[in-house]
1. When only Cα pairs under 8 Å and 6 or more residues apart are kept, what is the percent relative contact order across chain A?
2. Which percent of the Cα-Cα distances in the range A:2-207 go past 29 Å?
3. Assuming R0 = 56 Å, can you tell me the calculated FRET efficiency for the pair A:Ser126 and B:Val192, based on Cβ-Cβ distance, to the nearest 0.05?
4. Where does each of B:106-118, A:110-122 land if you order them by average Cβ count within 10 Å, highest first?
5. Report, to the nearest 10°, how far helix B:6-39 tilts away from the longest principal axis of the Cα atoms in chain B, using its own Cα long axis and a range of 0 to 90°.
6. Once a ≥ b ≥ c are taken as the square roots of the eigenvalues of the Cα gyration tensor of the range B:1-56, is the result rounded (a/c under 1.5), prolate (a/b larger than b/c) or oblate (a/b not larger than b/c)?
7. For Cα pairs less than 8 Å apart in space and 6+ apart in sequence, what is the mean separation divided by the residue count of the range A:119-242, i.e. the relative contact order in percent?
8. Counting only other chains, and only Cβ atoms inside 10 Å, what mean value do you get across the residues of A:66-78?
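All of the numbers you see were taken from the coordinates with simple rules; none came from a lab. Values in this document were obtained by computation on a predicted structure and should not be read as measured data. Counting neighbours? That spans all protein chains shown, and the Cβs are built from the backbone with ideal geometry, glycine included.
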Amino acid sequence: MLDVMIKSARQSIEIDASFKCVQEGITTLFGPSGSGKSTILNVIAGLDRSESSKIILNNLDITKRPTEARRFGYVFQDNCLFPHMTVKQNLSYGSHPARSNTPNRNEVIDLLDIRHLLNRKPSKLSGGEGQRVAIARALLSNAEMLLMDEPLSSLDNKLKKEIMPLLRRIATDFKCPILYVSHSFDEVCQLSDKLILINNGKILGSGSPQDMMTNPKYADQLDGFDAGNLLNVVVKSHDHEFGLTNLEFSGGIIPVPLIKDEVGSFIRLRIRARDITLATSIPTGISTLIRLPATVNYITDVNQTHSYVHVTCGTEVMIIHLTRKSIQSLGIEKNKPIFCLVKSVTLEN
Amino acid sequence: MFGLSEFELAALGLSLKIALIATLLTLPLALILAWLFARCQFKGRNLLLGIVHLPLVMPPVVIGLFLLTAFGKQGYIGSWLYDLFGISFAFNWKGAALAAAVMALPLMVRSIQLAIENVPTKLEKAARSLGSSSLKTFFTITIPLSISGIAGATILGFARSLGEFGATITFVSNIPGKTQTLPLALYTMTQVPDGEASAYRLAIISAVLALLAIIASEIMARKARQQLGKS
């Protein structure tokens, strides 16, 4: 496990941040550009010197070690493949000593689907291919942990969607935890097991992405008023006649525009707090497809205008963003049974 | 050969030998200095930079005088080297090679420094993060990616050594067969009656050698850009 205390004032921004990463899975460091995320990653990797920081990896103080002895695999924004070597040579370059569960070379190559690229030079790779090779190279260096600095930011949305599930599998299948830096809310939603929110070099809060997103305290930082809900759902069935996929969770069925994932696979569904309408009874003569029964937990007022209603839906907690006026006129109060209405089209992607 | 006299051939042969040895000996030092200047911040960097570059801006005669003072038989370093290793630079081809090396050093350091600075530091950082020491990174990433630039710099240094005149004549004089390189022989020919034809022949050889070197180093520079994926 990685446990760090970073102090650095060398860049334009003063950083004072302490946090722990999850032992298994992906920890994301989320914040706006210029909030000090990359500097933190560089200090952890030893690429930036910082005397007053402390970096503990698997109970070992590695603060004084040079970069090459810290055993992190670093994946940069641009792939940083060595242009004078083939893909194969790039993959063999890493030379950390073997670790307890060294990833199998062939499995990594197959997972990232780069076998057909092995004899190519990096200049002959597309953006997505290059980044997949870079990820494989970091993994095959026998790193104890991977550090990723916005590795998908130079790729288009389609490629991002292809690579994100691979990152999750690297963290779980190869038992290689990842510290992932990003300013993309989508990536953070899909990837995080633990979400650390950072701004101006300081940690604002951390926790599971569900907890963080349903906490109005962080709403402003987490995509402004796009605070939302992250539901773990399973693909139940595809309705090809209407082009819909039915997702199931403890609170009910959610039909969304057709997705490619196979029936039975687990995915994360994000529903923005402001896309949900509350009703005291199921209304008739309304187009909304998603109608989830829920119970009100409590209400927090953000300011004179805005409020968040916290509800329990099945076993999940959700928040709904309403105006104070709607809450009053609807008479919403604690323990009141209620229906959450969502337009399916707002759940595209 | 090519209608050259024995005198001219001797000067040409001596020049090539001196320039080759001077360049090969300068190369490792130039590499280390260039890497220091390109990649390291340290105390006294500017002073060292200044000293290395002095031969580029000072009259070569002054450098020759410095060398004579330091490396002559009675010189501070020269007498010490002679006592310990029996090496003498006074009035022989080794002295001429030393003079050529000192004069070529700044040119080589500058070109190699540029070549190294063109290698993205991110690639070196990536190598370090993959477990490679700074020495291994230097030999497996930095040098291969700047090799064409280094080769170009070496060719330029060789050409500069071939043309060395002022420092050489001041330090080791103009002794036929021993220290009389091509430019020195050319100078001698301009001082003797009926030497003009010989002087022109030597001048043409010099020009051709210099031109070949410049073309070769340009080819290397183009290769260097291709290597780093730039057009």
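1. On the way: 725 pairs, mean separation 54.3, N = 349.
RCO, chain A: 16 percent.
2. Details: 4198 of 21115 pairs.
Every Cα pair in the range A:2-207 considered, those over 29 Å come to 20 percent.
3. Values: r = 69 Å, r/R0 = 1.24.
Here the calculated transfer efficiency is 0.20.
4. Working: B:106-118: 22.4, A:110-122: 16.0.
Output ranking for B:106-118, A:110-122: B:106-118, A:110-122.
5. 20 degrees
6. Working: a/c = 5.51, a/b = 3.31, b/c = 1.66.
Prolate is the answer for the range B:1-56, as a/c is 1.5 or above and a/b outweighs b/c.
7. Working: 99 pairs, mean separation 19.6, N = 124.
Relative contact order of the range A:119-242: 16 percent.
8. On the way: counts 3, 10, 10, 3, 3, 2, 3, 4, 6, 2, 5, 1, 2.
Across the residues of A:66-78, the mean count of other-chain Cβ atoms within 10 Å is 4.
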